[in-house]
Amino acid sequence: MKPFLLVLSSPSGGGKTTIARKLLQGRDDLAYSVSATTRPRREGERDGVDYFFLTRDEFERRVAAGEFVEWATYAGHLYGTLRGEVERILAGGKHAVLDIEIDGARQVRRSFPDAVLVYVLPPSASALMQRLRGRNTEPPEVLQARLARALDELTVVREYDYVIVNDDLFTAVAEITAILDAEARRPSRQDTLWAFIEELRGEVAAAVGKLGGAVPSR
Ligand code: 5GP
């Protein structure tokens, strides 16, 4: 099976990071693409696990060196997906899970047309605000910037391939699992499919021949 990119986007506080982590726990055919960011580290976050925390200079140097598949500005900080990270995951035969915002998702769509883009909606505005406030790590102006950004993000949901509502974590994970499983069955993603079909055709053609029939060329 050809591994692909699974992009998850949602407004900040939409719960996609929790969904992504849960999804990864249950499947060994997925790996999380750790992004780089210039945002300060939140309590409990680990460098190289949650993000690669970079200075702005270092981030910009890496942009100039072409090290990013995509990058974007979000609430005053830079975020980006490292090419090396995605290549490492795909080369290992796994699907890469990207937890990124909409500008980045658009760039991924251009560079990886077979990427699967899933938008995760919060069940309500109050749930979204509750999650954002519950995080308790951001000052009011950052909270405001993130909510204003959510307003914008919600208008582009139709650019995504799939949309789910994150009412319940278990259901949301099950829905993404169903999406992954369906996507894996697209003929274009099954690299052993054509050899198998040729084999089937060969056997069927032999059977037709044995019955005295003419075997069509295709
Ligand atoms: P947070 O600061 O809450 O971790 O993330 C803020 C936003 O940046 C979220 O919408 C998250 O999905 C997005 N984000 C995280 N990593 C990346 C990335 O590598 N590229 C882009 N474009 N967005 C990212």
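The values are calculated or read from the model by the stated rules, or taken from the named source; none is laboratory data. Not measured: the values here are computed from a predicted model. As a convention, Cβ positions derive from the backbone with ideal geometry for all residues, glycine included, and neighbour counts pool all protein chains shown. SASA here: full protein model, heavy atoms, side chains in, ligands and nucleic acids out. Shrake-Rupley method; radii C 1.70, N 1.55, O 1.52, S 1.80 Å.
Taking each residue of the range 7-23 that is free of Cβ contacts under 8 Å to residues at least 60 places away in the same chain and looking for partners that are more than 8 Å from the ligand (Cβ to nearest atom) with beta-carbon atoms closer than 8 Å, six or more apart or interchain, yields 21/32.
Looking at this structure, is residue 27 within 15 Å of the chain's Cα centre (by Cα), in a loop (DSSP other than H, G, I, E, B) and not β-branched (Val, Ile, Thr)? Yes, satisfied. Scanning the range 68-112 for residues that are among the hydroxyl-bearing types (Ser, Thr, Tyr) and modelled with pLDDT under 95 yields a single hit, 74. The selection criterion, being touching a residue at least 24 places away in the same chain (Cβ under 8 Å), out of contact with any Asp or Glu (no Cβ under 7 Å at 6 or more places or on another chain) and either within 8 Å of the ligand (Cβ to nearest atom) or of a type in the set (Lys, Arg) (or both), holds for residue 39.
When 65, 20, 36, 31 are checked against the criterion of being within 28 Å of residue 175 (Cβ to Cβ) and modelled with pLDDT of 95 or more, a single residue qualifies: 31. Could you check the range 176-200 and list, in sequence order, the residues that are without any contact (Cβ under 8 Å) to a residue 12 or more places away in the chain and under 15 Å from residue 121 (Cα atoms)? Answer for the range 176-200, where residues must be without any contact (Cβ under 8 Å) to a residue 12 or more places away in the chain and under 15 Å from residue 121 (Cα atoms): there is none. If we scan the range 79-91, do we find a residue that is within 12 Å of the chain's Cα centre (by Cα) and either open to solvent by less than 20 Å² (accessible area, probe 1.4 Å) or within 13 Å of the ligand (Cβ to nearest atom) (or both)? Yes, the range 79-91 contains at least one residue that is within 12 Å of the chain's Cα centre (by Cα) and either open to solvent by less than 20 Å² (accessible area, probe 1.4 Å) or within 13 Å of the ligand (Cβ to nearest atom) (or both).
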